[in-house]
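Visitor: Could you have a look at this structure, given as structure tokens, before my questions?
The values are calculated or read from the model by the stated rules, or taken from the named source; none is laboratory data. As the structure is a prediction and not an experimental result, all values here were calculated from the model. When we count neighbours, we look across all protein chains shown, and the Cβ atoms used for this are built from the backbone with ideal geometry, even at glycine. We work out accessible area using only protein heavy atoms, side chains counted, and drop any ligands, DNA or RNA first. Shrake-Rupley method; radii C 1.70, N 1.55, O 1.52, S 1.80 Å.
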Amino acid sequence: MAVREQSQSGALSAASRSPCEAEEAALGRCLSLLPWDRFSAWLHCVCVVGFDLELGQAVEVIYPQHSKLTDKEKTSICYLSFPDSNSGCLGDTQFCFRFRRSSGRRLSLHCMLDQLDGDLPVSLKKDPAYYYGYVYFRQVRDKTLKRGYFQKSLVLISKLPYIHLFHTVLRHIAPEYFEKNEPFLEAVCSDVDHWPPPVPGKTLNLPIMGIIMKVRIPTCHDKPGTTHIVQFTHQEDTQISIALPTVHEVDLFRCFCPVFFHIQMLWELVLLGEPVVVMAPSPSESSETVLALVSCISPLKYCSDFRPYFTIHDSEFKEYTTRTQAPPSVILGVTNPFFAKTLQHWPHIVRIGEIKLPGEVPKQVKVKKLKNLKTLDSKPGVYTSYKPYLNRDEEIIKQLQKGVQQKRPAEAQSVILRRYFLELTQSFIIPLERYVASLMPLQKSISPWKSPPQLRQFSQEEFMKTLEKAGPQLTSGLKGDWIGLYRHFLKSPNFNGWFRTRRKEMTQKLEVLHLEALCNEDLLLWSQKHTEVETVDLVLKLKNKLFQADREHLPMKPDTMEKLQMHIDAIILALPDDLQDILLKTGTT
């Protein structure tokens with residue numbers, strides 16, 4: 001009995017803590033198990049990629065040395081860490097890429113780190129099938145080398161999509177690394193291994209080679225469109241602190257400047273999961289523009305594949321460039337002129353020149369026909385035969401043009417653009433949210449003695465009928481074929497991903513309501529009126545429900561778990577001793 005009481009008291013004390021305290025305590029236990037566990041919460045590894053005259057690009061260093069990368073992953077990193085030779089990137093260049101993890105590998109996710117994902121906005125949740133690579137590439141003339149150039153990349157490999165954070169880290173450490181080499185890299189990794197876990201919603205102090213970065217990772221509970229300012233606290237020591245306004249956002253206005261007049265059409269293409277290729281002069285422009293496109297439908301998650309920088313050596317090259325089938329739902333960022341010919345059959349091509357903020361009001365550029373795109377030297381613009389569903393919003397164009405004339409800071413222009421995209425996406429998604437919420441059974445239909453009721457099926461026609469009175473016209477003044485846009489969206493990967501998530505959340509909510517209904521019953525009295533067989537069956541079912549609630553991180557009140565455990569204990573204690581022993585030893589599946 002002592003063992004049972006001890007485990008019970010542990011469960012009860014855990015249940016009585018606030019969710020945040022319990023999570024932090026568990027994270028503390030988890031991340032103190034092994035060296036490099038804290039490092040692994042942020043980064044998979046750090047790579048140095050150099051150029052060998054005989055071998056070409058080669059991974060020279062992987063740190064920590066125990067980090068596992070398959071040969072296929074190393075090859076991907078090699079090719080994606082260097083700009084195409086035609087880019088002519090002299091000096092220092094920063095960009096990012098995304099590549100598929102090798103299949104069949106056991107995921108080395110830490111026990112509690114997955115729980116952190118639950119508090120993240122959907123767009124920032126980790127995708128276990130992909131890695132991000134954050135690159136700092138240096139190419140400078142060096143007459144002492146046969147090739148005449150020093151070429152090397154320092155690359156951070158991570159599952160986290162925190163581009164601004166990791167680019168800031170690289171800007172601080174890479175120049176010094178190129179002078180000091182491996183010992184410096186070891187010191188950097190040691191610093192990262194002392195970082196706190198990436199808990200959303202908390203101000204985190206991240207020391208890195210003499211400075212402290214103050215960051216806050218957003219949570220799904222933040223009001224969309226708001227940015228929490230990281231506050232400085234008094235520092236006892238003399239270390240320099242820098243506050244990062246964001247961990248993941250790119251400079252939206254700068255990225256969309258080359259295609260200024262087509263932002264609304266691009267929003268539609270991304271929303272509908274259409275195949276888009278971004279042709280840019282360098283990996284910096286291609287990667288930032290692809291990430292800007294993916295983020296423009298936030299808070300919706302872009303559910304298809306996207307590659308901020310894609311090369312002809314990529315393992316998916318044949319799959320994505322074949323003409324034997326329609327192009328897949330994917331956004332590619334490319335720089336090699338070869339793609340102008342290879343991807344000519346793609347329906348939507350965004351051609352951008354060198355990105356720089358305009359000193360004058362951009363001139364209106366017409367949408368160009370695909371047949372006019374012959375080479376990468378073609379003029380910047382959007383090459384497509386797509387006809388937008390919605391009429392163009394002239395107000396946002398005028399507002400941004402006025403900002404250029406008045407020399408409004410780029411950050412302020414980006415805030416305006418991000419708010420515009422957010423309001424457009426919300427106007428579009430609110431009617432869907434409202435309809436899907438109506439699929440939820442009434443609370444009075446939830447009985448503790450029956451399985452939780454099922455959600456009603458989603459009906460496209462039923463949803464379309466709701467748009468007449470409760471459509472996007474309630475929150476948006478934009479005119480156009482909203483019905484056509486919804487019909488197209490309902491066939492897209494983005495709808496499938498969004499609805500799958502909402503259905504899971506609602507099913508979990510039903511499960512929680514069912515558990516709360518059970519807690520409010522006098523289960524001991526019920527057991528006294530039923531046979532031992534029925535009572536044992538109830539105990540096993542309740543134990544299983546508790547186990548599943550814990551495993552699936554159901555959004556339950558802590559006292560619900562506590563009450564349910566007390567019900568189980570009371571029923572078991574009322575049973576004969578032999579049955580008590582069996583039920584105390586019985587686990588759950």
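Okay, residues lined up against (1) under 30 Å from Tyr302 (Cα atoms); (2) at pLDDT below 85; (3) not β-branched (Val, Ile, Thr):
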position	(1), (2), (3)
Ser492	yes, no, yes
Met506	yes, no, yes
Ala517	no, no, yes
His530	no, no, yes
Glu534	no, no, yes
Pro558	no, yes, yes
Met561	no, yes, yes
Ile571	no, no, no
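Visitor: Which ranges mark the strands (runs of 3 or more DSSP E) fully within segment 147-229 that have 1 or more residues being of a type in the set (Lys, Arg), on the phi < 0 side of the Ramachandran plot and open to solvent by 20 Å² or more (accessible area, probe 1.4 Å)? Working first, answer last.
Guide: Numbers: elements: 149-158, 203-208, 211-216.
In segment 147-229, 149-158, 211-216 are the strands (runs of 3 or more DSSP E) which contain 1 or more residues that are of a type in the set (Lys, Arg), on the phi < 0 side of the Ramachandran plot and open to solvent by 20 Å² or more (accessible area, probe 1.4 Å).
Visitor: In addition: Within segment 518-534, does at least one residue satisfy the condition of being of a type outside the set (Lys, Arg), assigned to a helix (DSSP H, G or I), closer than 13 Å to Trp449 by Cβ and open to solvent by 70 Å² or more (accessible area, probe 1.4 Å)?
Guide: yes
Visitor: Right, Val436: open to solvent by 40 Å² or more (accessible area, probe 1.4 Å), modelled with pLDDT of 90 or more and among the β-branched types (Val, Ile, Thr) or not? Walk me through it before giving the result.
Guide: Values: open to solvent by 40 Å² or more (accessible area, probe 1.4 Å): no; modelled with pLDDT of 90 or more: yes; among the β-branched types (Val, Ile, Thr): yes.
No, not satisfied.
Visitor: In this structure, is Gly484 on the phi > 0 side of the Ramachandran plot, at pLDDT 85 or above and of a type in the set (Gly, Ala, Ser)? First the steps, then the outcome.
Guide: Numbers: on the phi > 0 side of the Ramachandran plot: no; at pLDDT 85 or above: yes; of a type in the set (Gly, Ala, Ser): yes.
Against the criterion (on the phi > 0 side of the Ramachandran plot, at pLDDT 85 or above and of a type in the set (Gly, Ala, Ser)), Gly484 does not qualify.
Visitor: Hey, another quick one. All but one of (1) open to solvent by 50 Å² or more (accessible area, probe 1.4 Å); (2) part of a helix (DSSP H, G or I) hold for Gln413; state the number of the condition that does not hold.
Guide: Among (1) open to solvent by 50 Å² or more (accessible area, probe 1.4 Å); (2) part of a helix (DSSP H, G or I), Gln413 violates only (1).
Visitor: Looking at the structure I just gave you, is Val3 of a type in the set (Val, Ile, Thr), open to solvent by 60 Å² or more (accessible area, probe 1.4 Å) and either under 30 Å from Asp578 (Cβ atoms) or modelled with pLDDT of 50 or more (or both)?
Guide: Details: of a type in the set (Val, Ile, Thr): yes; open to solvent by 60 Å² or more (accessible area, probe 1.4 Å): yes; either under 30 Å from Asp578 (Cβ atoms) or modelled with pLDDT of 50 or more (or both): yes.
So Val3 fits the description; yes.
Visitor: Mind checking which residues of segment 535-561 are closer than 24 Å to Leu579 by Cα and either in a loop (DSSP other than H, G, I, E, B) or more than 33 Å from the chain's Cα centre (by Cα) (or both)?
Guide: At the first step, the residues of segment 535-561 found to be closer than 24 Å to Leu579 by Cα are 535-548, 561.
The answer is Thr535, Val536, Asp537, Leu538, Val539, Leu540, Lys541, Leu542, Lys543.
Visitor: What are the residues in segment 340-358 that are of a type in the set (D, E, K, R) and modelled with pLDDT of 85 or more, if any? Quick ask: steps written out before the conclusion?
Guide: From segment 340-358, those of a type in the set (D, E, K, R) are 341, 351, 354, 356; that's our starting set.
Within segment 340-358, Arg351 is the sole residue that qualifies.
Visitor: Can you name the residue in segment 130-173 that is in contact with a strand residue (DSSP E or B) (Cβ under 7 Å, 6 or more places away or on another chain) and of a type in the set (S, T, N, Q) and is also farthest from Leu244 (Cα to Cα) among such residues?
Guide: Gln151
Visitor: Any idea how many residues of segment 265-292 are open to solvent by less than 10 Å² (accessible area, probe 1.4 Å) and not aromatic (Phe, Trp, Tyr)? Spell out the reasoning first.
Guide: Within segment 265-292, the first condition is being open to solvent by less than 10 Å² (accessible area, probe 1.4 Å), and the residues that meet it are 266-273, 276-280, 283, 286-287, 289-290, 292.
Then drop every residue that is not not aromatic (Phe, Trp, Tyr), which leaves 266, 268-273, 276-280, 283, 286-287, 289-290, 292.
Residues in segment 265-292 being open to solvent by less than 10 Å² (accessible area, probe 1.4 Å) and not aromatic (Phe, Trp, Tyr): 18 in total.
Visitor: Wholly within segment 9-96, which helices (runs of 4 or more DSSP H) include no fewer than the required count, namely at least 2 residues that are at pLDDT 90 or above? Working first, answer last.
Guide: Working: elements: 19-31, 37-42, 71-80.
Hits in segment 9-96: 37-42, 71-80.
Visitor: Moving on. Return yes when Gln548 is among the polar types (S, T, N, Q) and closer than 21 Å to Met506 by Cα and no when it is not. Before the answer, list the steps.
Guide: On the way: among the polar types (S, T, N, Q): yes; closer than 21 Å to Met506 by Cα: yes.
For Gln548, the condition - among the polar types (S, T, N, Q) and closer than 21 Å to Met506 by Cα - is met.
Visitor: Within segment 298-338, take every residue that is out of contact with any strand residue (DSSP E or B) (no Cβ under 7 Å at 6 or more places or on another chain) and of a type in the set (Phe, Trp, Tyr) and give me the one that is surrounded by the most Cβ atoms within 10 Å (Cβ to Cβ).
Guide: Ranking the candidates gives Tyr302 first.
Visitor: Here is a further query. Does Thr246 satisfy the criteria of being over 29 Å from Arg138 (Cβ atoms) and either at pLDDT below 95 or surrounded by fewer than 20 Cβ atoms within 10 Å (Cβ to Cβ) (or both)?
Guide: On the way: over 29 Å from Arg138 (Cβ atoms): no; either at pLDDT below 95 or surrounded by fewer than 20 Cβ atoms within 10 Å (Cβ to Cβ) (or both): yes.
For Thr246, the condition - over 29 Å from Arg138 (Cβ atoms) and either at pLDDT below 95 or surrounded by fewer than 20 Cβ atoms within 10 Å (Cβ to Cβ) (or both) - is not met.
Visitor: Here's a follow-up. Could you say whether any residue in segment 339-353 is of a type in the set (A, V, I, L, M) and open to solvent by 10 Å² or more (accessible area, probe 1.4 Å)?
Guide: Keep residues of segment 339-353 that are of a type in the set (A, V, I, L, M), which gives 340, 343, 349-350, 352.
Of the ones still in play, those that are also open to solvent by 10 Å² or more (accessible area, probe 1.4 Å) are none.
No - not one qualifying residue is present in segment 339-353.
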